[in-house]
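Input: a single structure, listed below in structure tokens.
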Amino acid sequence: MGRNLLFSSFPCLFFFLAVSSIRPVSATSSCPVDLSYVQTVPWNTSLCRQPDGLEHCCQALLSVFGMGLAQHLRETSMFQFPNSNASSACLSDFQAKLATMSIDPSLVPYCFKDSAQFVTNTSSCAGIVTTQDWIEKVGPITPLNTACRGDFSELTRCSSCLDAGQKINSQLTSIDPDATSKCFYYTCLYAAGIVSEHGPLDATTAACTLALPLANSATKKPAKSRDELLKLVFGLLGALIGVLLAFGLITMYRKWDRKRKNLNEPRKGFSQTNLLGQGAYGVVYKGTLSDGALVAVKQMHDLDSQGDEDFSNEVEIIGKIRHRNLLSLRGCCVTSDNSKDWAWTLAKSGKSQEILDESIRDQGPKGVMERFVLVGILCAHVMVAFRPTIADALRMLEGDIDIPRLPERPLPLGHESFRPSWNESSYATERSRTSSSSRRAM
């Protein structure tokens, strides 16, 4: 009396043929499949340790053994074993592997009554024996080729694979109506062994295509190991350090670049643009030191012998005074250098090229560059009357009109002729007071 096995489990339905003859499992030759995966794949072995769950155990064993058949198909292009001896040897090896896992080996002959059911037979499914036969029957490209690839841990992927398998089974059934279950079995083997890039020994692939029941731990996403967590932490820490380092370098570069630009900027010196005010003894200008500090610079005029003494006294007094409304003294110097006089002297002596910075001397014809210098000196003349209008300056630069002869040496801005009339009396009074005080001190 034969026994029918119907294997049905989400996401893949797995059918197997019923057999009418019963033979004991024997092993007269070696098994062409390495069944060591039986001990390593995380399948649910508890199904075969329950005394009242033999039906579920047989379904599980059929799925586990089907993994070996799909691997055999992947390696040899044959859907089943070449002969009964090979089939019997594999079933015997299967029993031995189960015994090492404390599973009753007698379950194998109970679930698989005849080893011939795994042997090649041309009448099994539309005459299909090899993958070449499969291609001839269903074609080289089928819905399985796209639906049964990728990660089977996604339910939508597995469901699509099952739908594609049912379509192929309908196509094969139309060729061989009496082999419905066997053809679907071949479809599952083909999807796991040929189509899937991961192969049938992959747990998720076998769970979908061969309905392999997995252990509970295998269905859960594995927790990140300590090494993975350390890699993640160090990776994030390294990225943070990299960002901070880049930010620091950018900040340092900007400070350096700002300082470089300040050093390379043309010095306006004691020009009217920096003028803050003037008093009886001198003119006060705004200045910037090399460290970026803003300072007020007082330029004394008419430093004769008496002026030198006044200058020294003022430096000494200011250096000792500390008051919130009085700027602290940063330093002093005595020099007769004047950038205006320097440029005017060079231009009058025909050395206009030396006024230009070396980096721009060769950026234009010598005559054009000289014209620019002369026009610039005229436009910066201390006497407004000697300055050309904007229209005349443009015409001079373009060469439409000649540049007039430079006037005589300009007077410094601190000269008495530029002092306001209302300040002359206070200036004379203060000078006389200082002189008398000096004479009394002497």
Matching residues in segment 159-206 - criterion: being under 40 Å from the mean Cα position of the chain (by Cα) and among the acidic types (Asp, Glu): Glu197, Asp202
Options Phe152, Phe81; residue that is buried (at least 21 other Cβ atoms within 10 Å of the Cβ) and at pLDDT below 90: Phe152
Among (1) surrounded by fewer than 16 Cβ atoms within 10 Å (Cβ to Cβ); (2) at pLDDT 70 or above - the single one Met300 does not satisfy: (1)
All helices (runs of 4 or more DSSP H) inside segment 103-176 with 3 or more residues being of a type in the set (A, V, I, L, M, F, W, C) and in contact (Cβ under 8 Å) with a residue 12 or more places away in the chain: 107-111, 155-175
Subset of segment 329-343 [surrounded by 10 or more Cβ atoms within 10 Å (Cβ to Cβ) and either modelled with pLDDT of 70 or more or hydrophobic (A, V, I, L, M, F, W, C) (or both)]: Leu329, Arg330, Cys332, Trp342, Ala343
Subset of segment 369-401 (residues that are in contact (Cβ under 8 Å) with a residue 12 or more places away in the chain and either exposed (fewer than 10 other Cβ atoms within 10 Å of the Cβ) or farther than 17 Å from Ala343 by Cα (or both)): Pro388, Ala393, Met396, Leu397, Gly399
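The values are calculated or read from the model by the stated rules, or taken from the named source; none is laboratory data. Everything numeric in this text was worked out from a predicted model, so none of it was measured. Heads up, the Cβs are rebuilt from the backbone with ideal geometry, glycines too, and the neighbour counts pull from every protein chain shown.
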